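Scroll down for the structure; my scribbles are underneath it.
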Amino acid sequence: MSHFVIGDIQGCYPTLKALLRQINFQPSTDTLWCAGDLINRGKHNVDTLKFLMDLPRTRIVLGNHDLHFMAIASQVSKLHKGDTVADLLDHPDLTLFVDWLAEQPIMVCDDVHDVIMVHAGLPAIWSLEEARLQAKAIEQALAGHHRTAFLKNMYGNQPSIWRKDLTTDDRLRLATNFFTRMRYYQADGSLELTHKSDLAPPGFEPWFLHRHPSLSRYTIVFGHWAALGTVQRANLFGLDSGCIWGRQLTALRLEDKRIFSQANQEG
Ligand SMILES: [Mn+2]
């Protein structure tokens, strides 16, 4: 009955299987949480999605790579350099893959374990209620008739400052960037999307150094920031330990907050 949160899998299915063996994962009783970027950059995207789709107990949030794949499949974006999702695009079950991803949330807030999971982060200017509202707006756009329009609109780094009076398109784009792409952030709510390293650009800080008071009782788990490696702070775990870059895939057991790491097995 354990709950494990796993960082960015990115199609590294052999490593995922090795990690699940290491933690003695029991599909019928244990729950697998995935912090997004299930696919892309790795070789085994079909195997990864089929495995997750068949698992009886999962909690998943979408990452930027998952959304980008959905946009390619919906023909509103093209394959970019480094994208490896051709195995999904060429598969007869492509529509099933996209529809399944479209049903996954952007944020999980679990009041049993007091855990919030997002792919990239949460801006400190958002209360929990605001974060729930913005996640719901994205989830509704993805699940409904506006999916293609949403995916087409999501690309871009502007606006970078949250305001109440943004247009719907701008609000959805910035909220998606907060949830799925954010690393550095300024106290006024400005987002900076070009830096990936562990050195902050002037005036910016890692988003997780500040937190809205309404989130204080929760442990936040996230992925996305491979350059930092595994992050362990008070009530915060960053789980993208760079499997796709030849490093490790990491799992956190929620019951005792123990970390498990599996070296890349992609060959
Ligand atoms: Mn990511």
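For region 4-50, the tally of residues that are among the aliphatic types (A, V, I, L, M) and surrounded by 24 or more Cβ atoms within 10 Å (Cβ to Cβ) stands at 9. The number of residues in region 247-267 being at pLDDT 95 or above, farther than 23 Å from ILE116 by Cβ and out of contact with any Cys (no Cβ under 7 Å at 6 or more places or on another chain) comes to 5.
Checked against the criterion of being within 16 Å of the ligand (Cβ to nearest atom) and under 22 Å from TRP225 (Cα atoms), region 16-24 contains not a single residue that satisfies it.
Being in a helix (DSSP H, G or I), buried (at least 20 other Cβ atoms within 10 Å of the Cβ) and at pLDDT 95 or above narrows it down to one of MET117, MET53, MET70, so name that one. Spell out how you get there, then give the answer.
On the way: MET117 fails: in a helix (DSSP H, G or I); MET53 fails: buried (at least 20 other Cβ atoms within 10 Å of the Cβ).
MET70 is the lone residue from the list that is in a helix (DSSP H, G or I), buried (at least 20 other Cβ atoms within 10 Å of the Cβ) and at pLDDT 95 or above.
Filter region 92-112 down to the residues that are assigned to a loop (DSSP other than H, G, I, E, B) and surrounded by fewer than 16 Cβ atoms within 10 Å (Cβ to Cβ), then identify the one that is nearest to the chain's Cα centre (by Cα). Lay out the reasoning, then the answer.
Step one: list which residues in region 92-112 are assigned to a loop (DSSP other than H, G, I, E, B), which gives 92-93, 103-106, 111-112.
The next check asks that each one be surrounded by fewer than 16 Cβ atoms within 10 Å (Cβ to Cβ); those that pass are 92-93, 103, 111-112.
On the way: PRO92: 26, ASP93: 23, GLU103: 14, ASP111: 19, VAL112: 21 Å.
Only one residue tops the list, namely GLU103.
The values are calculated or read from the model by the stated rules, or taken from the named source; none is laboratory data. Just so it is clear, the model here is predicted, and its values are computed rather than measured. Note that we place each Cβ from the backbone using ideal geometry, even for glycine, and neighbour counts take in every protein chain shown.
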